[in-house]
Amino acid sequence: MQTGQSPVEIRNPFSSKASLLRTAILGGLLDNIAWNKNRGADGVHLFELGNIYFRYRKKSHEQLTLSLVTTGLVGTPHWHKKSEKTDFFHLKGALEALMTYLKYEPFSFKEEDHVFFENENSLALVFKEETIGYLGLLKKSLRDAFSLDEPVWAAELNLETLFGKPSQAFQYAPVTKFPTVTRDVSLIADQNISFRDIREVVEKLSLPYLVSFDLYDRFSGSSIPRGKASLSLRFVFSHPERTLKAEEVDKLQQRIIKALGASFNFQLREGGKIDK
C-alpha cells in the first residue's frame, strides 16, 4: 500500500484471517513459492494478474495489478550447461519485454526505495512521467515470514494506471517468404550498461532489414575484467522481397558495432578473446 491508503474490511468474514481484502498480490505468490520449494523445486517463477483493494481519502478503490516473482534456478537442468540462478536482470528484462510488446514506449527506470524491497535494491518503472510499478530484491523480513531462504526478486505494476494511458499504434507486417540471417555479436562493456541503452543506440540507426535484436546472454565472473560484463547480442535480418547477400549483412553488422563502440567504448569478443 502507498502512503494514506488503508485496507478494506469485510463485514461478515468467514474467518478472522480473511477479514480484509488484499492490498497486494505479492503475498499469494510468496505462498506459492514456499509450497513449491517445500516440494523440491529448484526455481520458481510466477506471475498473477488480478485486483487489489484499498481505501484512500475515505473511498474504496479497486485496482488491476500485475505481480511477478522469481527465485532459484532458471531453465531446465541440462548436461551440456550449468544452470544459472535468476537475478535482478531476469526480472527487469521481463518488464522491458512486456512494455515493448504492449507498445508502451518510451519507458524508463529510476532508483527509488519501496516498502517491499531492500533499501537501494529497487527501481520504479516510469511511463509518461508517472510511476506505474516497482521492482527489486524482496526484504529479508518478508522472506522470513514465508520461510524463504533464497533471494526473491519481485515486481508489482499498476495496470489500471498504465492501461489508462495511450500506447503506440501497432503495425502489421506480412511474414516474409525469404530466409532470415542471424548474426551474433559478443562484447565486453561496463557492467552498468543496460540492454535498454544498447537498444536506443541501435534503433537510432534505423537500419534497413533489421527485423529484431535481443540480449541472449550476460556474464560477469573471474574471466571478465572487474567492473565489466560480457554481453552477447543476436541480430536478425531479412529482406521482404529477396534473399539478403552476406556482404549486405556484413555492412549492417559493422554499422551496429561502430555505433555501439562509439557510444559505450566496448571491446569486441571473438572466440573467447578480446580484440584490441
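Every number in this text was worked out from the coordinates using simple rules, so none of it is lab data. What you see is a predicted model, and the numbers here were worked out from it, not measured in a lab. Cβ coordinates were reconstructed from backbone atoms using ideal geometry, including for glycine residues, and neighbour counts include every protein chain displayed.
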Using just the alpha carbons, could you tell me how many Å³ per residue the convex hull of the range 5-163 encloses?
139
Taking loop as defined by DSSP and a crowding limit of 14 other beta carbons within 10 Å, which trypsin sites (Lys or Arg not before Pro) in the range 190-228 fit?
226
Added length on full extension, which subtracts the Cα-Cα distance from 0.36 nm per residue, residue 48 to residue 161:
39.0 nm
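Convex hull over the alpha-carbon atoms of the range 57-142: what's its volume per residue in Å³?
Value for the range 57-142: 160 Å³ per residue.
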Which whole number in µm²/s is D for the range 204-250 by Stokes-Einstein, with the Kirkwood Rh taken over Cα pairs at 25 °C and 0.890 mPa s?
187
Only Lys, Arg (+1) and Asp, Glu (-1) charged, at Cβ; the chain dipole about Cα centre in debye
180
Using a 10 angstrom Cβ neighbour count of at most 16 plus a DSSP loop assignment to flag exposed chymotrypsin sites (Phe, Trp or Tyr not before Pro), which longest range of the chain is free of such sites?
80-169
The FRET efficiency for residue 58 and residue 234, from their Cβ-Cβ distance with R0 = 30 Å and rounded to 0.05, is 0.05
For the residue pair residue 90 and residue 243, what label-to-label distance in nm results when each label sits 7 Å from Cα along the Cα-to-beta-carbon direction?
4.0
Rg/Rh for the range 181-274 to two decimals, with Rh computed the Kirkwood way over all alpha-carbon pairs.
0.98
How long is the chain along each principal axis, judged by its Cα atoms, biggest number first, in Å?
73, 43, 33
Stretchable slack from residue 9 to residue 258, in nm (0.36 nm times residue separation minus alpha-carbon distance)
83.7 nm
Give, as ranges by residue number, the residues of the range 190-213 whose backbone N falls under 13 Å from the point 7 Å along Cα→Cβ of residue 220.
190-195
What's the local net charge at residue 55, with K and R +1, D and E -1, over the other residues with C-beta under 12 Å away?
+1
Between residue 175 and residue 197, what FRET efficiency follows from the Cβ-Cβ distance if R0 is 30 Å, with the result rounded to 0.05?
0.50
